[in-house]
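In what follows, a structure is listed as structure tokens, so that the remarks can point back to it.
The values are calculated or read from the model by the stated rules, or taken from the named source; none is laboratory data. These numbers were taken from a predicted model, which means no experiment stands behind them. Cβ placement follows ideal geometry from the backbone for every residue including glycine, while neighbour counts extend to all protein chains displayed. Surface areas here come from the heavy atoms of the whole protein model, side chains and all, with no ligands, DNA or RNA. Shrake-Rupley method; radii C 1.70, N 1.55, O 1.52, S 1.80 Å.
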Amino acid sequence: MSPDVPPPKLPPGLTSPGLTGVPETMLWTLHNRAAEALRPNGDFHDPEAVRIYQSLAYDYERHFGRADGSHAMRAAAIDAILRRWLERHPDGTIVSLGEGLETQRARVDNGRLTWLTVDLPEGIALRERFLPPGPRVRHLAADARDPTWMDAVAGGPTHIVAQGLFMYLPEADVRQLVATLARRFPGGHLVFDTVPVWLSRLTLRGLNRTPHYRMPPMPFGIDADRVASTLRGWVPDLATVETLEYRMPRGLPRLMDTLFRLTPALRHKLPGLVRVEFKRP
Ligand SMILES: C[S@@+](CC[C@H](N)C(=O)[O-])C[C@H]1O[C@@H](n2cnc3c(N)ncnc32)[C@H](O)[C@@H]1O
């Protein structure tokens, strides 16, 4: 900005996120998680998400509409997977690719794990305004597709999380990344989420969430019944590939979700989770 133009005035104490493109989508998922955590008597507890949510000068509803619980349900399902893994590997390393403003570590921390966040430089810069790194918590400003971040993982049991990331990458990049993870982390685990092909196609044509916000293209869409064969085509010797559901919590989205699941032609065409275990040598 030119020195003659004063920066726009922000309400005192608030931070401007200053994000565009795919990095801005971290505010959409934060909106949905924090709003869920703010529900009286809700099951999703995340005071850190609420703190960050309320510290940003950003009109969430104008961009993304009324919050729904989708991303909180997704995050809670991944939390459960990580907690189970940590019972077996309490000193393990969790790597979260494209972590944005996720506060998953605080939700699952056992006091012993090591956590590595990898995100693009603008994502890490904003994250560090609220979530500083520490002795067991590291941040790396890097493209998840560039394997150099893998050198920063000490070894030992490793669980990789890619929540809200793979759909924004071309399929060839996801394939290459999964194959590299399988090679670099034998015995390691991976969890990621998917969007169905119809949703990917809509975003490629141009999909507005609200009149003020167009979703970035999601080039990688996959239906749940194609996941196992596709991943095993990419990496033939995967030890485990499992598709898991997460459900909308309530209201009309829950009803739609139920109708999809009850209709044989549609039940594989919902967003979902994939859990992968890489083979040991
Ligand atoms: C939808 S947000 C998800 C954020 C977080 N995982 C969550 O669930 O709230 C997508 C995130 O991916 C990050 N991202 C996009 N492309 C990336 C890439 N090539 N490498 C690393 N991070 C990337 C964005 O900066 C953003 O934080």
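Quick notes on this one:
- DSSP bridge pairs, the chain: antiparallel proportion in percent, nearest 5: 40 percent
- Extension reserve of the Thr15-Asp151 stretch, reckoned as 0.36 nm per residue once the Cα distance is removed: 45.7 nm
- Using every pair of separate Cα atoms, the Kirkwood estimate puts the hydrodynamic radius of segment 70-277 at 17.9 angstrom.
- Potential lengthening of the chain between Ala106 and Asp59 amounts to 14.4 nm, from the contour at 0.36 nm per residue minus the alpha-carbon distance.
- The apolar share of the surface of segment 70-277, taken as the fraction of accessible area on carbon and sulfur atoms (1.4 Å probe, ligands and nucleic acids excluded), comes to 54 percent.
- Mean Cα-pair separation over length for the chain, i.e. relative contact order, pairs under 8 Å, 6 or more apart, %: 17 percent
- Mean sequence separation of contacting Cα pairs (under 8 Å, at least six apart), scaled by the length of segment 172-229, corresponds to a relative contact order of 31 percent.
- Segment 131-257, relative contact order [Cα under 8 Å, separation at least 6], %: 22 percent
- Computed extension length for Arg254-Arg88: 56.4 nm, one decimal, from 0.36 nm per residue of separation with the Cα-Cα distance subtracted.
- Segment 77-131 and segment 191-230: distance between their alpha carbon centers, rounded to Å: 24 Å
- Under 19 Å from the Ala239 label point (7 Å along Cα→beta-carbon), backbone N, segment 155-176: 155-162
- DSSP-defined antiparallel bridges as percent of all bridges, segment 105-193, nearest 5: 10 percent
- Kirkwood-based shape ratio for segment 208-281, expressed as Rg/Rh from alpha carbons: 1.07
- Accessible surface, the chain, averaged per residue in Å² (probe 1.4 Å): 49 Å²
- Loop-located trypsin sites (Lys or Arg not before Pro) in segment 39-110 (DSSP state not H, G, I, E or B) with no more than 14 neighbouring Cβ atoms inside 10 Å: Arg66.
- Whole-number D in µm² s⁻¹ for segment 149-259, Kirkwood Cα-pair radius fed into Stokes-Einstein, 25 °C, 0.890 mPa s: 154 µm²/s
- Sparse-neighbour loop sites [GluC sites (Glu not before Pro); segment 183-281; at most 16 other C-beta within 10 Å; DSSP]: Glu245
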